[in-house]
């Protein structure tokens, strides 16, 4: 018998030390969990808007999620990018994740972010942001947020890439362009360029210690190996 959606195997945190940016969702959807990749539902625009942004130089797909942390070495783009969710429970409709469950998940989420020490985090929904910063959200105030850093990281919010939020995808393009500019101009004071061969997507280094810590106890998505990326068409 197939497991119920909320019993399905969750996605691993694709976090390593020294990331430039971490995208943060509410929770993994069932389709993404089944495929083993973030934002893998065909109706989700995340990979399309990311591909069109200055954050990457090539078109990327869900199958690239496990290698974005080494994007510069692979020629994908200039920034090391990670992915995670506030809640790790698999559920297709994120409205089923209650505000209480989000709040309860925040401490463990912050521990994972502290281990990765990214320069910036970008919430892909407002609910993930408000769980961490209650009463700080202002309607449609996408972009960089005037809040205390999240475990040392600058905080950004973009509109949801869900198909139900298609009307806001144009604003997402502006947010990601501004985010790329910010990362290019800000001094990377905590970037740790570890060799890719020493890093596993399911391992993070505990801050201040030299020991690897396995997260979630699940296998990472399969890396795309020698799959060819498509060069982005010139504007």
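Laboratory data are not the source of any read-out in this text; all were calculated from the coordinates shown. Owing to the predicted nature of the structure, the values given are computational and were not obtained by experimental measurement. Note that each Cβ is placed from the backbone with ideal geometry, even for glycine, and that neighbours are counted across all protein chains shown.
Roughly speaking, what is the stretch gain from residue 48 to residue 147, that is 0.36 nm per residue apart minus the C-alpha to C-alpha distance, in nm to one decimal?
Taking residue 48 through residue 147 to full extension adds about 32.8 nm, to one decimal.
I'd like the distance between the alpha-carbon centres of the stretch 145-173 and the stretch 18-74, rounded to an integer number of Å.
15 Å
In Å and whole numbers, how far do the C-alpha atoms of the stretch 27-150 stretch along each principal axis, longest first?
40, 33, 29
Modelling each spin label as a point 7 Å along the Cα-to-Cβ direction, I'd like the residue 185/residue 95 distance in nm, to one decimal.
3.9 nm
Got a sec? How would 179, 19, 91 order by Cβ neighbour count within 10 Å, fewest to most?
Details: 179 23, 19 27, 91 20.
Result, fewest neighbours first: 91, 179, 19.
Under the 0.36 nm per residue contour assumption, what length would be gained going from the current alpha-carbon distance of residue 74 and residue 140 to full extension?
Roughly 20.3 nm would be gained on extension.
Where both partners of a DSSP beta bridge lie in the stretch 1-126, what percent of those bridges are antiparallel, to the nearest 5?
Beta bridges within the stretch 1-126, antiparallel portion: roughly 10 percent.
Mind giving me the nanometre distance, one decimal, between the label points for residue 173 and residue 108, set 7 Å out from Cα along Cα→Cβ?
Placing both labels 7 Å beyond Cα along the Cβ direction yields 3.8 nm.
Among 65, 178, 99, 20, which comes first, second and so on when ranked by fewest other beta-carbon atoms within 10 Å? Spell out each step's value before the answer.
Working: 65 29, 178 16, 99 11, 20 26.
Going from least to most buried by this count: 99, 178, 20, 65.
What's the long-distance tail for the stretch 97-182, i.e. % of Cα pairs beyond 19 Å?
39 percent
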